[in-house]
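Data first, discussion second: the structure below is written as structure tokens.
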Amino acid sequence: MFNRFLHGFAFAALSIFAAFSVFTVLPVFPASADVLGEKVTLVFDRALPNVPGKSMKVQLVEYAPGVSSIPHTHPDSAFIYATVLEGAIRSKINDNPVQVYHAGENFFELPGDHHRVSANASDTEPARLLAVLIANTNEQNLVINDKE
């Protein structure tokens, strides 16, 4: 069963890589005031046919210059693979050191990880990343912000 899941995940990941060429030429959307310079768009949501109860959900995350996300987690069912499409992203997961990922670089988050820092590393240029989540199909709330 786990082998089937890995094969399905590998196939799905290859499909997403094929789509990268489309996403890398998309224009950067102006940030709306209600999200303070961060825009998250669900661009793909599909049940995995060979892994009942699991889906691949893909989010395009766009940061205006100098903008960061609220510290957050993701559903306990979610495994996340993220790749930077444009600019540079500053990231801190759990108690690991802060790292900066540039366009073409990637990182992952395991179920239960705490994403303490997710930010545009530039104060002058926009940044975009594509986050691929494998999560429970019925999961709707993909980002759980820390309470203030």
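Overview of results
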item: Selected residue (only one of I93, I89 is among the aliphatic types (A, V, I, L, M) and at pLDDT below 95); result: I93
item: Hits in the range 84-109 (condition: within 28 Å of N136 (Cβ to Cβ), out of contact with any Asp or Glu (no Cβ under 7 Å at 6 or more places or on another chain) and β-branched (V, I, T)); result: I89
item: Enumeration of residues in the range 124-134 that are open to solvent by less than 40 Å² (accessible area, probe 1.4 Å) and β-branched (V, I, T); result: V132, I134
item: Residue identified as surrounded by 14 or more Cβ atoms within 10 Å (Cβ to Cβ), within 25 Å of S55 (Cα to Cα) and at pLDDT 95 or above among Y101, Y81; result: Y81
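This table checks each residue for (1) under 20 Å from L36 (Cα atoms); (2) open to solvent by 20 Å² or more (accessible area, probe 1.4 Å).
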residue	(1), (2)
E62	yes, no
H72	yes, no
D76	no, yes
S122	yes, yes
N136	no, yes
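The values are calculated or read from the model by the stated rules, or taken from the named source; none is laboratory data. Values in this document were obtained by computation on a predicted structure and should not be read as measured data. Every residue, glycine among them, receives a Cβ derived from its backbone with ideal geometry; neighbour counts consider all protein chains shown. Only protein heavy atoms, including side chains, enter the accessible area calculation; ligands, DNA and RNA are left aside. Shrake-Rupley method; radii C 1.70, N 1.55, O 1.52, S 1.80 Å.
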